Structures are given as structure tokens and as C-alpha cells.
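To start, the structure under review is shown below, and the notes come after it.
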Amino acid sequence: MNIEKQNPVDRWLLLFALLLMVFGVAWVYSATGIRHENTFFIRQCVSGFIGIALMLAFSHLDISRFLSSHKLMRGTYVIFIFLLIAVFFSPTRNGAHRWIIISGFSLQPSEFFKPFSVIWTSWLMYRHRESWTKRREAIPKLVILFLSLLLPMTLIYMEPDMGTTILILFVSLLVIFLGSAPRWVFVFGLPVLVIVGSLIVVSKEYRYERIKAFFNPASVDLSGTGYQAEQSLIAFGNGGVLGVGPAAGQQKLSFLPEAHTDFIYAIIGEELGLLGTSVVWLLFAGFLWRGCRIALACRDPFLRLCAGGFTILIVSQALINMSVVLNLAPNTGIPLPFVSYGGSSLMATLVCLGLLLSISRKAVP
């Protein structure tokens, strides 16, 4: 009996991800332990253990089998649509319908749709790969692809969660680009997206206020939209090069709202300074290096697209989050992968990591 020998997973990729998760758990404790008696720390640890179990399971999943199972792909897509609709029948949190809440347990379907959107887009790009060189065939295929993404993105946008919607669209476009779609798609499509995005931003006052806060956070009422950006910059200023020391930061003490979630990078900056924040982005740079290496080493075009998409998904979230915290981009509500508090976010990111590790088994050394 011949048993195919599997390559080991990319250990460097796994190491970078686990170190980031350790950073996250430690600074969730630092940001919340004094005021919340370790409640958030315990929840993050539980989510981390569940996420690691999911990561191990998905690291042994051969996603190339999805190519021959149209029913599985379409069935999974339909399940996500139902889950994204179900959030509107659950109670609101902070004025948004983003979670399915059952007996105190909450699940955010949009976080798990992120990695699936990469697989879905890669699957459609690979399935119709022979059509991209023929305009008459490419146009209807691309329309179907964009329409299939439009429905879940519209549901996520209505939650409302514009940041996640834009992220999914951005990553999907890059996967389409990597999948050798015609260049004219981007020449005509990108200006349309910029115009539509601008109209969406100005359609709601709070979004417009976020843009104003981005350009000049100090000019905005400190009780309003620019408050987080202003307090975040103060945290980095307090930290300097070496920081004030672990758990010694002051901004988390009610000055910086929700410091353990989207703005946890600011707390790391205050307590560990430039040195600590540099370690975080170096770990993400290492993740990008190993993810690109896995994608380039894949002989299977479908797996190459998935590997590139998963890598872009995680690294782009990190870049967006760090840019927001440093006031280099408007606030989007995107968490820092592996680090920010949030059970669904952490578990979904670890699922994404597991899929990328699974692909690394098939990469040519």
C-alpha cells in the first residue's frame, strides 16, 4: 500500500502567527485586566484555544478538492448567505447587527466569510480560466462573479460594516488580478469603485465626520469622532522609543475607548514604545514573506490564488489597522489580526492560517 508522504507545514509562518497571538493575549490582559477582572482575557484565551483547534483541523484539509465539488462550494455559499441574513434577527450591539447571539454565545459570520470569499473568488477565477483571454466570454463570467460577491457584501454593508465590505472587495479584486483577469477590468472598474465609494462615504454624516477627523483629529470635538485618533497619538507620544513599561500605560484607563479592540496597537505603542510596535510589524512582514513564498512555490494555480488571497487578507487588515491607529487612514473598524480582542475575529484568522498551512504542505520546497 503506497501512502503519499506529506510535506511539513511552514513552521516559520506558524511561529510568526503564534507570536502575534501571544502578543494579543498579553495586551488584551494589560488593556482590560484592571477594570474588567480578567473577563476579556479569559474570553480571548478560550477563543484562542478553539481557534487553534480549528487551525489544526483546517491545516489537514485539502482545499484543492473543492474544485471538483460544485455542490460543496455552492452549498457553503448559501449557508453564509443565511447566516448573514440571520444577524438581522439578533439583538443589536453598539447600534449594529453583526452577531448571531444564542444563550450568551455570539458569532460574527462576516469574519468567517472573509477567508471563504478568497476561496470562492479563486474557485470562479480558476473555473473560468480559459475565458479571460476572450472578451465576449470574459464579460458575462466577470458579471456573474461580481454579482455573487455583491449579495454578501451588501448584507455586510447593511449591518452596517463598511470596513469589512471594502476589505472583502479589495482582497477579491487583487485575487481577480492575480488570476489573470483582463486588464481593462481594472482600467474601467477602479474609477467606478472610487466614485461609488465616495458617494457611500458622504451619504452618512458619521462617515464624513471620520474623514474630517482623519485629516485633522485635533479640530474635531473631543467627545466626537476624532477623539480616538487624538488619544491614540497621545499614547504613542507617551511611549516614545522604549515605552512606559508593560501594564503601566495610562491611555487604557478610560482615555482611549475600546483600547483592547481596534486600538490595541496604540496600547502596545505606549507600553513598549517604538521597539514593541516594530516587533509587531516585523512579525507581520515575516508573515507576508512566508505567505508569498508559499504562493510562489505552488504548482496548482487554484492553490496559488488561495495562498496569495489568504496572505493579502491578513496582511492588508494589519496594514489598515496600524494605519488607522497612527492616523494615516480614516477609522474603518478593522481589527488587528491575531492581536485585537474579538472571538470571531481571532477564530476566523486562525482558520485562515490553517488553510494557508494546508497549502504550504503542497508547496514545492
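Counting only residues that are aromatic (Phe, Trp, Tyr) and without any contact (Cβ under 8 Å) to a residue 60 or more places away in the chain, which one in region 92-129 is most open to solvent (accessible area, probe 1.4 Å)? Among them, the one singled out is PHE105. Restricting the search to region 33-44, which residues are open to solvent by 70 Å² or more (accessible area, probe 1.4 Å) and more than 22 Å from the chain's Cα centre (by Cα)? Correct list: ILE34, ARG35, GLU37, ILE42.
Only residues that are open to solvent by 40 Å² or more (accessible area, probe 1.4 Å), within 24 Å of THR133 (Cβ to Cβ), hydrophobic (A, V, I, L, M, F, W, C) and modelled with pLDDT of 75 or more were counted in region 167-195, giving 3.
For LEU272, the test of being at pLDDT 70 or above and open to solvent by 30 Å² or more (accessible area, probe 1.4 Å) is passed.
Would you check if SER344 is of a type in the set (Ser, Thr, Tyr) and either more than 29 Å from GLU270 (Cα to Cα) or open to solvent by 40 Å² or more (accessible area, probe 1.4 Å) (or both)? It is false that SER344 is of a type in the set (Ser, Thr, Tyr) and either more than 29 Å from GLU270 (Cα to Cα) or open to solvent by 40 Å² or more (accessible area, probe 1.4 Å) (or both).
As a summary of the residue check, ILE211 satisfies the conditions (1) closer than 22 Å to ASN327 by Cα; (2) crowded, with 17+ Cβ neighbours inside 10 Å; (3) modelled with pLDDT under 75; (4) among the hydrophobic types (A, V, I, L, M, F, W, C) except for the one numbered (2). Residues that are surrounded by fewer than 24 Cβ atoms within 10 Å (Cβ to Cβ) and closer than 20 Å to ARG98 by Cα within region 349-365 comprise just one, VAL351.
Would you mind stating whether LEU305 is among the hydrophobic types (A, V, I, L, M, F, W, C) and under 13 Å from the mean Cα position of the chain (by Cα)? So LEU305 fails the test. Per the listing SER30, SER47, the residue uniquely within 21 Å of the chain's Cα centre (by Cα) and open to solvent by less than 40 Å² (accessible area, probe 1.4 Å) is SER47. Taking the criterion of being exposed (fewer than 14 other Cβ atoms within 10 Å of the Cβ), touching a residue at least 12 places away in the same chain (Cβ under 8 Å) and assigned to a helix (DSSP H, G or I), the residues of region 51-84 that qualify are LEU56, ALA57.
Within region 130-140, the presence of at least one residue that is surrounded by fewer than 19 Cβ atoms within 10 Å (Cβ to Cβ), among the hydrophobic types (A, V, I, L, M, F, W, C) and touching a helix residue (DSSP H, G or I) at 6+ places or on another chain (Cβ under 8 Å) is confirmed.
Pairing residues of region 241-252 that are among the charged types (D, E, K, R) with residues that are outside any loop (DSSP other than H, G, I, E, B), at Cβ distances under 6 Å and at least 6 apart in sequence or on separate chains, gives LYS252/ALA31; LYS252/ILE267.
Would you check if ILE144 is open to solvent by less than 20 Å² (accessible area, probe 1.4 Å) and either at pLDDT 85 or above or over 21 Å from SER358 (Cα atoms) (or both)? Answer is no for this residue. Would you be able to say whether some residue in region 241-249 is part of a loop (DSSP other than H, G, I, E, B), more than 18 Å from the chain's Cα centre (by Cα) and β-branched (Val, Ile, Thr)? For region 241-249, residues part of a loop (DSSP other than H, G, I, E, B), more than 18 Å from the chain's Cα centre (by Cα) and β-branched (Val, Ile, Thr): present. Any residue at all in region 309-324 that is of a type in the set (S, T, N, Q), surrounded by fewer than 24 Cβ atoms within 10 Å (Cβ to Cβ), over 20 Å from ASP10 (Cβ atoms) and in contact with a helix residue (DSSP H, G or I) (Cβ under 6 Å, 6 or more places away or on another chain)? Scanning region 309-324, I find no residue that is of a type in the set (S, T, N, Q), surrounded by fewer than 24 Cβ atoms within 10 Å (Cβ to Cβ), over 20 Å from ASP10 (Cβ atoms) and in contact with a helix residue (DSSP H, G or I) (Cβ under 6 Å, 6 or more places away or on another chain), so the answer is no. Looking at region 34-47, is at least one residue assigned to a loop (DSSP other than H, G, I, E, B), among the charged types (D, E, K, R) and touching a residue at least 40 places away in the same chain (Cβ under 8 Å)? Scanning region 34-47 turns up no residue that is assigned to a loop (DSSP other than H, G, I, E, B), among the charged types (D, E, K, R) and touching a residue at least 40 places away in the same chain (Cβ under 8 Å).
The values are calculated or read from the model by the stated rules, or taken from the named source; none is laboratory data. In this text the structure is predicted, and so the values were computed from the model without any measurement. Please note: Cβ atoms are built from the backbone with ideal geometry, for glycine as well, and neighbour counts cover all protein chains shown. SASA here: full protein model, heavy atoms, side chains in, ligands and nucleic acids out. Shrake-Rupley method; radii C 1.70, N 1.55, O 1.52, S 1.80 Å.
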